[in-house]
Amino acid sequence: MSDKIKEARLALGMSRAEMSRQFEIPISTLEKWDAGIRQCPPWAEKLILEKMERMKKDREA
């Protein structure tokens, strides 16, 4: 997984399973991103990070 996505996920205290449910991404895909076997497409990474930033702001509010 992009280090940025992984860092954002961990900052939210979100497990891979939670992220899988929230974003409808298979856990196996998240595992492959984490291991560097596959990379998240840049357009998807941008959307995921934007959503995670909104989630972070909502939690802080």
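Where a number appears in this text, it was derived from the coordinates with a stated rule and is not lab data. Owing to the predicted nature of the structure, the values given are computational and were not obtained by experimental measurement.
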Check: Angle, helix 42-60 long axis vs. longest principal axis of the chain, Cα atoms, 0 to 90°, nearest 10?
Finding: 30 degrees
Check: What 222 nm value per residue comes from the helices of the chain, counting each DSSP H run with n ≥ 4 as -39,500 (n - 2.57) and dividing by all residues, nearest 500 deg cm²/dmol?
Finding: -22500 deg cm²/dmol
Note to self: Report the rotationally averaged projected area of the range 9-61 based on its alpha-carbon convex hull, in square nanometres.
What the structure shows: 3.6 nm²
